[in-house]
Amino acid sequence: MNVISSTADAKRPGAARIGIGGPVGSGKTALIEALIPVFKARGIEIAVVTNDLVTKEDARRLQAGGLIDPDRVLAVEAGACPHTVIREDPTLNIAAADDLEAAFPDLDLVVIESGGDNLASTFSLDLVDWWMFVIDVAQGDDIPRKRGPGILQSDLLVINKLDLAPHVFVDADAILAEARQIRGTAQVIGCRCKGATVEGIETIADTIAREVLFHEIPA
């Protein structure tokens, strides 16, 4: 099954579908929470499909957070390795995204969050048009060097929790530079999703708007 980066020609009619993958605790749900108000301010209508192993924990968190209509969040319980339902057999996620589009015809974007998985996690392009992979500095500065498919093949690599770098003895600038060197021309964005000052969220939203929704971003 093809899991290499998508192109504009692969985009299906209707709402665009993007994937967010990454290890447990890297901040995937927090990133969605940070992006929702940015998209809302731009008039971009979104819905979310979450994936957990045998619970609906992430979906309940988003539904209770007050940032999005709870009906616009659906949960998929993978029941097996998280990458199974985003890559080998994505039919549960496809059905959930289809249900959201049927219920909300105004949708511009469906965000599909994978369950926490390892660096080999990738999304089937039968499921999404474009996908990002989220790691965080607390996992160590050697993560980009491990060169897993999530690091190399994602359309966007997000390095989260930059504010934690001094506390875990990681040089944030160095890990960003190394990730950019490893990925070549593929984009890398550092971010901070929580706290009094967020960082990188507008840039991530710009990237999605430009590369997925084909919006022109003012210089």
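The values are calculated or read from the model by the stated rules, or taken from the named source; none is laboratory data. None of these values were measured; they are calculated from a predicted model. When we count neighbours, we look across all protein chains shown, and the Cβ atoms used for this are built from the backbone with ideal geometry, even at glycine.
Determine whether Val111 is closer than 13 Å to Gly25 by Cβ and out of contact with any Gly (no Cβ under 7 Å at 6 or more places or on another chain). No. Of the listed requirements (1) within 25 Å of Ala16 (Cβ to Cβ); (2) in a helix (DSSP H, G or I); (3) among the hydrophobic types (A, V, I, L, M, F, W, C), Val128 misses just one: (2). State yes or no: is Ile189 touching a residue at least 24 places away in the same chain (Cβ under 8 Å) and within 14 Å of the chain's Cα centre (by Cα)? Yes.
Between Gln153, Gln181, the distinction of being polar (S, T, N, Q), over 26 Å from Pro70 (Cα atoms) and within 15 Å of the chain's Cα centre (by Cα) belongs to Gln153 only. Taking the criterion of being over 28 Å from Val49 (Cβ atoms), modelled with pLDDT of 95 or more, in contact with a strand residue (DSSP E or B) (Cβ under 6 Å, 6 or more places away or on another chain) and in a helix (DSSP H, G or I), would at least one residue in segment 181-195 satisfy it? Looking through segment 181-195, none of the residues is over 28 Å from Val49 (Cβ atoms), modelled with pLDDT of 95 or more, in contact with a strand residue (DSSP E or B) (Cβ under 6 Å, 6 or more places away or on another chain) and in a helix (DSSP H, G or I).
Confirm whether Gly116 is assigned to a loop (DSSP other than H, G, I, E, B) and either free of Cβ contacts under 8 Å to residues at least 12 places away in the same chain or within 14 Å of the chain's Cα centre (by Cα) (or both). Here the answer is yes, as Gly116 does meet what is asked.
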